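The values are calculated or read from the model by the stated rules, or taken from the named source; none is laboratory data. Remember, it's a predicted structure, so these values are computed and weren't measured experimentally. All Cβ positions, even for glycine, are placed from backbone atoms using ideal geometry, and neighbour counts span all protein chains on display. All accessible areas refer to the heavy atoms of the entire protein, side chains included, with ligands and DNA or RNA removed. Shrake-Rupley method; radii C 1.70, N 1.55, O 1.52, S 1.80 Å.
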Amino acid sequence: MEHIGTFGASAYRIGELQLFRDADEQHIAAALARCAIVRLADGKRLQDTFRARLYIVLRGALAEAAADGTISKILRGESVGEQSVLDEATNLADITAVDDTELLVIEADLVWQLIDESNGVARNLLRLLSFRIRAASALLRRRQKLGEFYRQLSMNDGLTGLYNRAWLNDMLPKMVSTALRAEGPLSLVMIDLDHFKRFNDTHGHLAGDDALRAAAGVINAALRPSDYAVRYGGEEMLVILPDTSENLARMVAERLCQRLRKAVIFDDMRLPLPQLTGSFGVACLGADMDEMQLLAAADSALYRAKEAGRDRVSL
């Protein structure tokens, strides 16, 4: 920073500074007369880590980068450093000149003196801090919503919209633990689309994607709000049925099997129905099982369905 003069010797006026608007200009001008004016070249960082100070932009602009990466622009007449003055702590924010900038430097003890002597300064400071708190709260809410959006996005399969393996790895152990503590049933239905490689080879991978989306739609539409559908991998899907016995899970799987036969892959009906079938393996949580054993039981049941001729349900 280059010291270029004092406020009293400059052409700047109190009315141009937001913090002192509607205050006693004559009194404020006298108090600020000896305050330094410094110049900060474009792109240069404001390096002042020794004491708490208030800076007011007289010409140019500053960019303040917070620890979370947020960048705020401080324009002509606006100030920065209020929080450090109030906290009596060094201003640790990363502040850089956006243009060749001139700053009024006010020491912390003088800021407190002006607050004590002028109700107008105190009101302006409160308004400024209130505005910044509101802005920070609004930004936090937006980030929370965005974070939740991306969290949900990371837990869903991009093609089918079903939950993905990351979600399953996180949630299934919790569901198993809850069911074991409550001594209640928990069932899985493992689903594999029959001869899906042949389907892709015959109709192409875009049609294969359509088939996966159609199968996912059939599954989602047939489940209760308390059930969960997961894309387990490739053409395999998994349905989690909390508070559901093995017999009831088998009935759910039979319903899914029937509806899958009627799934419409091509809207223009280029192929006759049925176009798609699936094999279904059903397993229910046992008292001595963990989530991996439950998945293995469902996978074994699915294998038996395939061995028995596919397009069917096995326990």
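In what order, largest first, do R231, R21 sit by accessible area if the probe radius is 1.4 Å?
Highest to lowest solvent-accessible surface, that is R21, R231.
With every protein chain present, what accessible area does M292 have (1.4 Å probe, heavy atoms only), rounded to the nearest 10 Å²?
Roughly 120 Å² of M292 is accessible to a 1.4 Å probe.
Mind checking the alpha-carbon convex hull of the range 99-168 and giving the volume per residue in Å³?
180 Å³
How large is the charge dipole for the chain, taken about the Cα centre, if only the Cβ atoms of Lys, Arg (+1) and Asp, Glu (-1) carry charge, to the nearest 20 debye?
So the dipole magnitude of the chain works out to roughly 860 debye.
I'd like the carbon and sulfur percentage of the solvent accessible area for the chain, probe radius 1.4 Å, heavy atoms only, ligands and nucleic acids excluded.
Details: 8780 of 17170 Å².
So the carbon and sulfur contribution to the accessible surface is 51 percent.
For the chain, with the dipole built from +1 on Lys and Arg beta-carbon atoms and -1 on Asp and Glu ones, taken about the Cα centre, which of A33, A287, Q47 lies farthest toward the positive end?
Working it through, the farthest residue towards the positive pole turns out to be A287.
Looking at M171, I219, V252, which one has the Cα that reaches farthest to the positive end of the dipole of the range 160-257 (charges on Cβ: Lys, Arg +1; Asp, Glu -1)?
The residue sitting most towards the positive pole is M171.
What FRET efficiency, computed as 1/(1 + (r/R0)^6) with R0 = 22 Å and r the Cβ-Cβ distance, is obtained for I4 and A135, rounded to the nearest 0.05? Walk me through the intermediate numbers first.
On the way: r = 32 Å, r/R0 = 1.44.
The calculated FRET efficiency here is 0.10.
Give the Debye-formula value of log10 I(q)/I(0) at each listed q (0.06, 0.10 Å⁻¹), with one equal scatterer per alpha carbon of the chain, two decimals each.
Cα-only, vacuum Debye calculation for the chain: -0.47, -0.66.
When the convex hull of the Cα atoms of the range 203-315 is projected onto a plane and the area is averaged over all directions, what value comes out in nm²?
7.4 nm²
Keeping all protein chains in place and using 1.4 angstrom, which order do D311, D100 fall into by accessible surface area, from largest down?
Order by accessible area, largest first: D100, D311.
Quick one: ranking E82, E88 by accessible area, 1.4 Å probe, largest first, what do you get?
E88, E82
Kindly identify the range 98-137 as rounded, prolate or oblate by the Cα gyration tensor criterion: order the square roots of the eigenvalues as a ≥ b ≥ c, call it rounded if a/c is under 1.5, otherwise compare a/b with b/c, prolate if a/b is larger, else oblate. Each step should come with its number before you reach the end.
Numbers: a/c = 2.57, a/b = 1.04, b/c = 2.46.
Oblate.
At q = 0.25 Å⁻¹, what is the log10 ratio I(q)/I(0) for the range 1-86, with the Debye formula run over Cα points and no solvent?
Results for the range 1-86 at q = 0.25 Å⁻¹ read -1.57.
Determine which lysines satisfy two conditions relative to K262: a Cα distance under 26 Å, and not lying fewer than 8 residues away in the same chain.
The qualifying lysines are K197, K306.
Ignoring ligands, DNA and RNA, what accessible area per residue does the range 93-232 give at 1.4 Å, in Å²?
I get 55 Å² per residue for the range 93-232.
Which whole-number value in Å³ per residue fits the convex hull of the alpha carbons of the range 220-266?
Spelled out: Cα convex hull of the range 220-266, divided by residues, is 83 Å³.
To the nearest Å, what is the center-to-center distance of the range 241-265 and the range 8-40, using C-alpha atoms only?
Centre-to-centre (Cα) distance: 77 Å.
Please enumerate, by chain and number, the aspartates and glutamates with C-alpha under 20 Å from the C-alpha of K44, excluding those fewer than 8 residues away in the same chain.
E2, E64, E78, D94, D99, D100, E102
Tell me what the chain gives for mean residue ellipticity at 222 nm when only DSSP H runs of n ≥ 4 count, each as -39,500 (n - 2.57), the sum divided by the residue total, rounded to 500 deg cm²/dmol.
Details: 9 runs with 137 residues, N = 315.
So the calculated ellipticity at 222 nm is -14500 deg cm²/dmol.
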